[in-house]
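J.: Just passing along the structure, written as structure tokens.
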């Protein structure tokens, strides 16, 4: 295991959607070679999306939506627990990013008059902009990274961050997953764009890599941040998505919805008004799935053949192009069969829910010089466009910090001396991490990484999957603490296995975070995402706060409350609860049953909403 | 343990074995796995690494036996990056058996 040292101004970890725009933006103002992009895979096929994306879920386009409307919608979808300034920073800049992407060659759907063809999928506003040729997205981003002159190190994963004695970030310890060598990058600014913690729950198929998220996103960013002393937030607000059963990819109501597709129960009836993914929608989905009306399907069989061809053209080419092969393998077609759906394993992902490293509207974490963007940073429901927008925001913050914001104005150790550090905090951290990795390689007959991972993730399903209870969460926590010891029995026989060993640690860390944050918040919120059977009600008096996690001075994980910052866009109490009114009333005409033998409307179902009651009173919101 | 009784029985034996189980180390076996990435070795070009570079989970490598690309680790996300990027159309990705 060779140890090599590099020194740059900005290091970006992760070359997905956020990392690409972060590196491109930083490179625009720095000499070539001073911005380094580390990518665990290869930038041409990395990040949450390996191929492309069929649309933007949250485009705030003048004439279709305003930043204020969007901030309101996201606040409602997140039961009020948002840093509105951070959401607003995205909303105000997102259109600029769309225009930039347009200039890079990304094609957006436009109407005959040339306007952006925005669709309504959210409960209230219109924010979905299709990208029918979105399969080119990764190619376009890769080309733009090259043209910008960004220095890229592919197949190098970050295993730990380096921090100076005063707590500032000082660089990254990278592992070359092909050679097994260590790449130590000394840098005063680090922008982490490491994606979701997507290998947390175990998919129902039992296949470790059959996850909703790209399985390369193993919670690296969450764990790196935690060990560097940064705060994380909203971890108890899990990511759970409605997916195609077994295939575990999105059914894409966003794509099919505007063309007439929708979610139905086994009776062929609609049961939710909005297919937009929120915790409240997931709770209704979960209830329907486990009721006598389950399972749940995506219904397309009523659509015209040319519409189905259009749907297949998009869905079978962009986000998860193997989807058509999956249906064909089972002899299913959209014209003749409903698509059976279920709910995903749990994960942590701010892109979809609200879990992530605590960042403000500048992308700053609580560690000086350290920034985070994309699925791992806490700006809720940020999706693809949010990742790209916050990549730029982080780059601008890092550039500002380089220019004038660095406390003491010092340079990194390596830069000052031209030599790698041999003493002091950094040398100690490097030696410690090297020893940890060498030890794993010294256990070639140790527990294989995949068995360790299977066990932790199976226990995540057993104890953390909502609905949650303190009893189960505590048992889970015991297992995850034991897993910390068991990690010392896991061995690696190659650099590839060493990568998986490091990821196994990230997964375990994520599991402990998920258990602790869920235990701490003794109420229910965000629909299914944090549905506590032992505290079934939403309790704004005690819990209208963020729950944050950090490493305490004694090295243990601690949870604590952080106040919700005053709103910049106010909501009335009715608006606050609108996301709990998405179930189609049982008395409404819900269409003809499609199941043979089924007659009449579905049995009366309770229309009241839980965990939040629509009639309860709520505290006045700050305005 | 009673030295005159080398093979204790019952609860005493269990206590000995339970202690032993905590320190005996590890043993391994191997199992076959059906994997989803199928490479047509006739079409695949020796020395080309395009698919191996494409894979987001790094589960492909050059087979030491054939010198051609193959799926080395059972870690495929069936994303089709390798199949789409192969310049010789030598790769077919199946849906992993467990999901099929």
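J.: So if I check each of A:175, A:224, A:129, A:141, which one is under 30 Å from residue A:256 (Cβ atoms), out of contact with any helix residue (DSSP H, G or I) (no Cβ under 6 Å at 6 or more places or on another chain) and not in a loop (DSSP other than H, G, I, E, B)?
T.: So the residue among A:175, A:224, A:129, A:141 that is under 30 Å from residue A:256 (Cβ atoms), out of contact with any helix residue (DSSP H, G or I) (no Cβ under 6 Å at 6 or more places or on another chain) and not in a loop (DSSP other than H, G, I, E, B) is A:129.
J.: Taking the residues in region A:227-245 that are assigned to a loop (DSSP other than H, G, I, E, B) and within 17 Å of residue A:457 (Cβ to Cβ) as candidates, determine which candidate is nearest to the other protein chains (Cβ to nearest Cβ).
T.: A:241
J.: What is the one condition in (1) part of a helix (DSSP H, G or I); (2) more than 14 Å from chain B (Cβ to nearest Cβ); (3) out of contact with any helix residue (DSSP H, G or I) (no Cβ under 6 Å at 6 or more places or on another chain) that residue A:30 does not satisfy?
T.: Failing condition for residue A:30: (1).
J.: Could you look through region A:431-446, keep only residues that are part of a helix (DSSP H, G or I) and out of contact with any strand residue (DSSP E or B) (no Cβ under 9 Å at 6 or more places or on another chain), and pick out the one that is farthest from the other protein chains (Cβ to nearest Cβ)?
T.: Filtering region A:431-446 for residues that are part of a helix (DSSP H, G or I) and out of contact with any strand residue (DSSP E or B) (no Cβ under 9 Å at 6 or more places or on another chain), the one farthest from the other protein chains (Cβ to nearest Cβ) comes out as A:431.
J.: Could you grab me the full set of residues in region A:531-556 that are in contact with a helix residue (DSSP H, G or I) (Cβ under 8 Å, 6 or more places away or on another chain) and closer than 13 Å to residue A:81 by Cα?
T.: Matches in region A:531-556: A:547 only.
J.: Now, a different point. Hey, can you tell me all the residues within region A:33-79 that are over 30 Å from residue A:279 (Cα atoms), touching a strand residue (DSSP E or B) at 6+ places or on another chain (Cβ under 6 Å) and not in a loop (DSSP other than H, G, I, E, B)?
T.: Once the filter is applied, which keeps residues that are over 30 Å from residue A:279 (Cα atoms), touching a strand residue (DSSP E or B) at 6+ places or on another chain (Cβ under 6 Å) and not in a loop (DSSP other than H, G, I, E, B), region A:33-79 yields A:35, A:36, A:37, A:38, A:39, A:43.
J.: Going by the conditions given, is residue A:216 crowded, with 23+ Cβ neighbours inside 10 Å and either closer than 27 Å to residue A:314 by Cβ or in contact (Cβ under 8 Å) with a residue 60 or more places away in the chain (or both)?
T.: Answer is yes for this residue.
J.: Let me ask something else. On the basis of being crowded, with 24+ Cβ neighbours inside 10 Å, under 20 Å from residue A:288 (Cβ atoms) and either in contact with a strand residue (DSSP E or B) (Cβ under 8 Å, 6 or more places away or on another chain) or in the same structural domain as residue A:311 (by TED's automatic domain parsing) (or both), does residue A:240 make the cut?
T.: yes
Here's the yes/no breakdown for (1) at pLDDT below 95; (2) within 11 Å of chain A (Cβ to nearest Cβ):
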site: B:4; (1), (2): yes, no
site: B:27; (1), (2): yes, yes
site: B:42; (1), (2): no, no
site: B:53; (1), (2): no, yes
site: B:58; (1), (2): no, yes
site: B:71; (1), (2): no, no
site: B:75; (1), (2): no, yes
site: B:81; (1), (2): no, yes
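J.: For region B:84-95, give me the residue count where each residue is more than 9 Å from chain A (Cβ to nearest Cβ) and either out of contact with any strand residue (DSSP E or B) (no Cβ under 6 Å at 6 or more places or on another chain) or surrounded by 18 or more Cβ atoms within 10 Å (Cβ to Cβ) (or both).
T.: Final tally of qualifying residues: 6.
J.: Would you please list the contacts, defined by Cβ atoms under 7 Å and residues six or more apart or on different chains, that run from a residue in region A:319-331 that is more than 29 Å from residue A:383 (Cα to Cα) to a residue that is buried (at least 17 other Cβ atoms within 10 Å of the Cβ)?
T.: A:329/B:95
J.: If you don't mind, another one. For the condition within 14 Å of chain B (Cβ to nearest Cβ), within 24 Å of residue B:25 (Cβ to Cβ) and assigned to a helix (DSSP H, G or I), what is the one hit in A:503, A:497?
T.: A:497
J.: Of these, A:259, A:315, which one is within 14 Å of chain B (Cβ to nearest Cβ), out of contact with any strand residue (DSSP E or B) (no Cβ under 8 Å at 6 or more places or on another chain) and either within 30 Å of residue A:550 (Cα to Cα) or modelled with pLDDT under 95 (or both)?
T.: Every option except A:315 fails the conditions.
J.: If a residue has to be away from chain B (no Cβ under 14 Å) and closer than 15 Å to residue A:97 by Cβ to count, how many in region A:49-64 make the cut?
T.: Residues flagged as away from chain B (no Cβ under 14 Å) and closer than 15 Å to residue A:97 by Cβ within region A:49-64 amount to 8.
J.: A further question follows. Which ones in region A:148-167 are buried (at least 19 other Cβ atoms within 10 Å of the Cβ), part of a loop (DSSP other than H, G, I, E, B) and touching a helix residue (DSSP H, G or I) at 6+ places or on another chain (Cβ under 7 Å)?
T.: Passing the criteria: A:150, A:164.
J.: Of the conditions (1) over 22 Å from residue A:31 (Cα atoms); (2) within 14 Å of another protein chain (Cβ to nearest Cβ); (3) in contact (Cβ under 8 Å) with a residue 24 or more places away in the chain, residue A:153 fails just one. Which one is it?
T.: Of (1) over 22 Å from residue A:31 (Cα atoms); (2) within 14 Å of another protein chain (Cβ to nearest Cβ); (3) in contact (Cβ under 8 Å) with a residue 24 or more places away in the chain, only one is false for residue A:153: (1).
J.: Looking at residue A:68 and the list (1) within 30 Å of residue A:524 (Cα to Cα); (2) buried (at least 20 other Cβ atoms within 10 Å of the Cβ), which single condition is not satisfied?
T.: All conditions are met except number (2).
J.: Okay, next question. Does residue A:91 meet the test of being out of contact with any strand residue (DSSP E or B) (no Cβ under 9 Å at 6 or more places or on another chain), assigned by TED's automatic domain parsing to the domain that holds residue A:122 and in a helix (DSSP H, G or I)?
T.: Answer is yes for this residue.
J.: Checking residue A:581 against (1) at pLDDT 50 or above; (2) in contact with a helix residue (DSSP H, G or I) (Cβ under 7 Å, 6 or more places away or on another chain), which single condition isn't satisfied?
T.: Of everything listed in (1) at pLDDT 50 or above; (2) in contact with a helix residue (DSSP H, G or I) (Cβ under 7 Å, 6 or more places away or on another chain), residue A:581 misses just condition (2).
J.: Now a separate question. Within region A:447-458, restricting attention to residues that are more than 27 Å from residue A:228 (Cα to Cα) and part of a helix (DSSP H, G or I), which residue is nearest to the other protein chains (Cβ to nearest Cβ)?
T.: A:451
The values are calculated or read from the model by the stated rules, or taken from the named source; none is laboratory data. Quick caveat, the model's predicted, so the values are computed rather than measured. Positions of Cβ are generated from backbone atoms using ideal geometry, with glycine treated the same way; all protein chains shown enter the neighbour counts.
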